[in-house]
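The values are calculated or read from the model by the stated rules, or taken from the named source; none is laboratory data. The shown structure was predicted, so the numbers you read here are calculated from the model rather than taken from an experiment. Here the Cβ positions follow ideal geometry from the backbone for every residue, glycine too, while neighbour counts run over all protein chains shown. Just the protein is used for accessible areas: all its heavy atoms, side chains included, with ligands, DNA and RNA removed. Shrake-Rupley method; radii C 1.70, N 1.55, O 1.52, S 1.80 Å.
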Amino acid sequence: MERTKIIDVLKSTAYGSEVCVKGWVRTHRSSKAVDFIALNDGSTIKNVQIVVDPEACPVCGVANATLKDVTTGACICAVGTLVESQGAGQTSEIQATSIEIYGLCGNDYPMQKKGQSFEVMRKNAHMRLRTNTFGAVMRIRHNMAMAIHTYFHEHGFFYFHTPLITASDCEGAGNMFQVTTKNLYDLKKDEQGKIIYDDDFFGEQTSLTVSGQLEGELGATALGAIYTFGPTFRAENSNTPRHLAEFWMIEPEVAFLDQQGLMDLEEDFIKYCVKWALDNCADDLQFLNQMIDKTLIQRLEGVLKDSFVRLTYTEGIDILQQAIRDGRKFEFPCQWGDDLASEHERYLVEEHFRKPVIMTDYPSAIKAFYMKQNPAAPASAASMASSASVGYRGIVAPAPTMQGTDVLFPQIGEIIGGSVREENYDKLMAEINHREMETDKLWWYLDTRRWGTCPHAGFGLGFERLILFVTGMQNIRDVIPFPRTPKSAEF
């Protein structure tokens, strides 16, 4: 008999019809006259109840197995009659006429009905996907991917595939995983002790990419508007709830887009994704709202209510400095020129404004080389910035700033990092030389500024950070199926 997914069974009102469902047992309760099996197949957070008469319902499949062996985690096929449920919290159930056991679970099954800590579940990542929490998170993850593709398709962007193996370092961080076919036990080196890559597969040193942005810019200057959506890698030894070694990035790049247009795009895009979650993941969000974060749905709805605050870095520093003067204590410093920590970003979003913030115009020194620099402020105005009497609005930065546009969210901090890109060859080269960067790996990138350059802008959204916000989960390792972190690549 053809299988019906449980999500469709629970929507059906064809009472009296015969149905076949297959899935994994969540719970099994027995009494003298009747057994109740809660079955889930991953299509929905909700279970279907299988009502079994132990005397009348034949059990087959695993040799010598009986109904009492069908415990939490077992996989079964149940055939029976769809009937209107007499119990609370469900509209229909199945009166079983036969049960086939596909696979049993013993008492050592790690995902028992009793609550498990997330740390224990990470150690059993191969089994944690069968739990209600991770089923909900993964269905939402799927829906967010669909939202992203749909948004960009509807807005005229082209899905652009950038390489995972690269010879350039987009961020200049140097924390990259190398890709090589060389014998690591017998490395050829030159007289200075540097590794010779002439005999390597690509003939030069290559790594896994930290970003597809540079290649994405090439796409934007040919197709007008592109987006990437794929895995990226960073060999940063950060064991925190916000870092992964392998993560997914969404990176749109748009020709002829200025800073104002970029902020509009960032806000519209992320609101679209949040609304998609509310419209398409109601059952899973309700579950997570009850079990993980009781303010989750309220926070998601709050994102859609108001326009995001648009705030310069300099104004943000002024607010933080005022908070310190008023007695607020931060773990990390926040003087002008400091790279803001998550605690500073969350203060602005969660306590001061109580809504998402797009922070702009960061100091050049703490941002990437490719960001467009703002025109220099008059010397007299810049000198005012250090004065304690200057108000929070209208402050002029004391040093060069870039046209960055980072989106800060509650619970997360920075969720999007974007900027207008420097399209002028001479200005870009001046910044590269100022930072003493090597240009031999970037010749092709610089060519876009030599031949038919154009104004353009873009941003990067960490997919897992979006999932963190939408699900209310607290650790980024719990929103990706198999997290890659320092000393952990088991599954």
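Of the numbered criteria (1) farther than 16 Å from residue 368 by Cα; (2) assigned to a helix (DSSP H, G or I), the one residue 397 fails is (2). Going through the range 184-209 one residue at a time, which ones are in a loop (DSSP other than H, G, I, E, B) and either surrounded by 15 or more Cβ atoms within 10 Å (Cβ to Cβ) or of a type in the set (D, E, K, R) (or both)? Selection gives 186, 188, 190, 191, 194, 197, 198, 199, 200, 204, 205, 209. Filtered by the rule that a residue be open to solvent by less than 60 Å² (accessible area, probe 1.4 Å), over 30 Å from the mean Cα position of the chain (by Cα) and over 19 Å from residue 361 (Cβ atoms), the range 431-443 gives 432, 437, 439. Take the conditions (1) modelled with pLDDT of 95 or more; (2) open to solvent by 70 Å² or more (accessible area, probe 1.4 Å); (3) not small (Gly, Ala, Ser); residue 94 misses just one of them, which is (2). Among the residues that make up the range 436-451, is at least one of them basic (Lys, Arg) and part of a loop (DSSP other than H, G, I, E, B)? Looking for residues that are basic (Lys, Arg) and part of a loop (DSSP other than H, G, I, E, B), one finds at least one in the range 436-451, hence yes. For the range 123-131, the criterion of a residue being of a type outside the set (Gly, Ala, Ser) and touching a helix residue (DSSP H, G or I) at 6+ places or on another chain (Cβ under 6 Å) is satisfied by at least one position. What do you reckon, is residue 464 assigned to a helix (DSSP H, G or I) and charged (D, E, K, R)? The answer is yes for residue 464. Number of residues in the range 1-33 that are within 34 Å of the chain's Cα centre (by Cα) and either open to solvent by less than 30 Å² (accessible area, probe 1.4 Å) or on the phi > 0 side of the Ramachandran plot (or both) equals 5.
One line per residue, one yes/no per condition, for (1) surrounded by 21 or more Cβ atoms within 10 Å (Cβ to Cβ); (2) farther than 30 Å from residue 454 by Cβ:
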| site | (1), (2) |
| --- | --- |
| 277 | yes, yes |
| 282 | no, yes |
| 292 | no, yes |
| 298 | no, yes |
| 313 | yes, no |
| 317 | yes, yes |
| 349 | yes, yes |
| 353 | no, yes |
| 362 | yes, no |
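Residues being in contact with a Phe, Trp or Tyr (Cβ under 8 Å, 6 or more places away or on another chain) and of a type in the set (Ser, Thr, Tyr) are represented in the range 198-215 by at least one member.
When residue 36 is tested against (1) in contact with a Lys or Arg (Cβ under 6 Å, 6 or more places away or on another chain); (2) touching a residue at least 24 places away in the same chain (Cβ under 8 Å); (3) open to solvent by 30 Å² or more (accessible area, probe 1.4 Å), exactly one condition is not met: (2). The numbered conditions (1) modelled with pLDDT of 95 or more; (2) open to solvent by less than 50 Å² (accessible area, probe 1.4 Å); (3) touching a strand residue (DSSP E or B) at 6+ places or on another chain (Cβ under 9 Å) are all true for residue 427 except (2).
When residue 420 is tested against (1) out of contact with any Asp or Glu (no Cβ under 8 Å at 6 or more places or on another chain); (2) surrounded by 20 or more Cβ atoms within 10 Å (Cβ to Cβ), exactly one condition is not met: (1).
Selection within the range 140-183: residues that are in a strand (DSSP E or B) and free of Cβ contacts under 8 Å to residues at least 40 places away in the same chain. The member of this set that is surrounded by the most Cβ atoms within 10 Å (Cβ to Cβ) is 179. For the range 331-347, filtered to residues that are acidic (Asp, Glu) and touching a Phe, Trp or Tyr at 6+ places or on another chain (Cβ under 9 Å), the residue that is most open to solvent (accessible area, probe 1.4 Å) is 339.
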